[in-house]
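Inspection log for the structure reproduced underneath, given as structure tokens.
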Amino acid sequence: MNETRITVHGNVVSEPVERQGRNGSIFTTFRVATTPYRRTGDGRFVDGDTSFYSVIAFNALAANAASALRKGQPVIVEGNVAIKQYVGNDGQPRVSPEIDADHIGHDLSWGRASFERVSRAAALGQDRTADPDVQAEVRALAEGDPAGADRRPGHVDANGVVADDYHPDAGVADAGRDDGDVLATGDPETDDYEVVERLTA
């Protein structure tokens, strides 16, 4: 299939919108405007006609673009361009160029930007280890942070081994116990249980 490649330098003129397709994939759409200019014989620069492009990005590129781009920012977009036909609100047929983007970035000719590397899974929200709290704990553990050790549960030793006599429900059961004459055992919501009289000396 013949494809037409294009690279566009312009400004984002609509806020990027991230959506989820029927198959679960992420895609982001926004509009870019670009205005060429030329130099006249007397040395002046004159703007030409402004062109508008609809841009669509998929998957990790889509998630990163939605997070990084804002309306009014200068960008460079590279991808395959196609001319789409549609019917306008006035019932008249219209055409619009659409870019299926492969690469999107800020145009640093007009300002500064910072870069943060994230994995594809993290960009799509599928990486559980990307949680900032998880990352902080992992770093503290790797660096031997004493503060991290202080937060270790009492039933886990310094090597991460759980005590043999530890039972995950023991603390909950003890916390719910009172000094009354009746002791309830089990979970009344889900378990079969019995109520027994407390033995007295």
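Computed from the coordinates by the stated procedures, all read-outs in this text should not be read as laboratory data. Just so we're clear, the structure is a prediction, and the values are computed from it rather than from any experiment. Positions of Cβ are backbone-derived with ideal geometry, glycine not excepted, and every protein chain shown enters the neighbour counts.
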- Task: Add +1 for every Lys or Arg and -1 for every Asp or Glu among the other residues with Cβ under 14 Å from the Cβ of Phe58, and state the total.
- Result: -1
- Note on the structure: Row for the range 1-122, column shape: gyration tensor on C-alpha, a ≥ b ≥ c, rounded if a/c < 1.5 i.e. under 1.5, prolate if a/b over b/c, else oblate; value oblate
- How would you rank Arg31, Arg19, going from fewest to most other Cβ atoms within 10 Å of each one's own Cβ? Arg19, Arg31
